[in-house]
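Here's the structure we're looking at; comments come further down.
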Amino acid sequence: MRIVGKYVGIWVTREEVSAIFGFVPPSSARAFMIGGRVVGETLGLGLWMEMEFVSEGGPASNLFPDLPKEKPRRLVRWEFIRAAEMFDDVPAMERQVDFQPRAA
């Protein structure tokens, strides 16, 4: 399946958000959703994503409101991806996702 160019939403833990962005999120939630466009893949390592949001629920509660305009590109390691949802475009990604993380 081709995923480069697709938008994905991935549930991650607080520690994983810290590993991806290099700092602890400003929320005490145990689970977060990160979302953005897949820009590449490194075999055996993970996905490169252009980040659109980090939230405690859906995209509407973005904890870092500057992400959509800054669009940082971050590596999301394969072991961080336990559940994900794929979208064709950003507007589709803005709806509330249908699943909740099991590990959180």
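The numbers here are math on the coordinates, done by the rules we state, and not lab data. Just so it is clear, the structure is predicted and the values come from calculations on it, not from any experiment. Virtual Cβ from ideal backbone geometry, glycine too; neighbours counted across all protein chains shown.
Listed by Cβ neighbour count within 10 Å, with the fewest neighbours leading, Met33, Met86 appear as Met86, Met33.
Neighbour counting of Cβ atoms within 10 Å sorts the residues Ser18, Ser55, fewest neighbours leading, into Ser18, Ser55.
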